[in-house]
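Below is one structure, written out as structure tokens; the observations come after it.
The values are calculated or read from the model by the stated rules, or taken from the named source; none is laboratory data. Keep in mind it's a predicted model, so treat the numbers as computed, not measured. Cβ: placed from backbone, ideal geometry, glycine included. Neighbour counts: every protein chain shown. These area figures cover heavy atoms from the full protein model, side chains too; ligands, DNA and RNA do not enter into them. Shrake-Rupley method; radii C 1.70, N 1.55, O 1.52, S 1.80 Å.
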Amino acid sequence: MAVAVSFVSCGSSDDNETPTYVEPTYTQHEKPQWNNAVDVVKPNEKYPADLTAYIQLPDSMKAYVSNADELAAFCGEEPRGDGSVVDGVWCIRIWGNVGDNITLRYYCATNKYIYHSAETIVLKDEEQLGTYDEPRTVYFIVNK
């Protein structure tokens, strides 16, 4: 009968070293002019499909909301719609072609960060996401 014994070492560490946490830093931005750029792409022959979305921010972001915030939809770098907010619910009409992958961008005036949606929205003509009474919660990631 053979018995195998192995020893595993986790290495040594200096007891005087204290791990330190470094708070991440993000780029602060001036207020974007998304609403001015979006006016160019409102309904026309180039973008025949539209989608209306009622969006709310996750609870973790609601403490930072102000009337100076902005929400806009993009296909790549091209603006495709901008939103307006009433009582914490954003209404945004998004223009494009069926099948376009849309990302939402949110500007928070309180911390001057720009966020992008964690998931994309695939554009379907005359679709509605959420309602004013039951808005869709969209999760955002801060741009570095």
For the range 131-144, pairs from a residue that is within 10 Å of residue 106 (Cβ to Cβ) to a residue that is open to solvent by 100 Å² or more (accessible area, probe 1.4 Å), with Cβ under 6 Å and 6 or more apart or across chains, are none
Among (1) open to solvent by 80 Å² or more (accessible area, probe 1.4 Å); (2) at pLDDT below 90; (3) more than 15 Å from the chain's Cα centre (by Cα), residue 125 falls short only on (1)
Residues of the range 130-144 being modelled with pLDDT of 95 or more and over 8 Å from the mean Cα position of the chain (by Cα), in sequence order, are 130, 131, 132, 133, 134, 135, 136, 137
Expected output for the range 56-69 (first residue free of Cβ contacts under 8 Å to residues at least 60 places away in the same chain and closer than 17 Å to residue 29 by Cα, partner among the charged types (D, E, K, R) and surrounded by fewer than 17 Cβ atoms within 10 Å (Cβ to Cβ), Cβ below 7 Å, 6+ apart or cross-chain) is 68/31
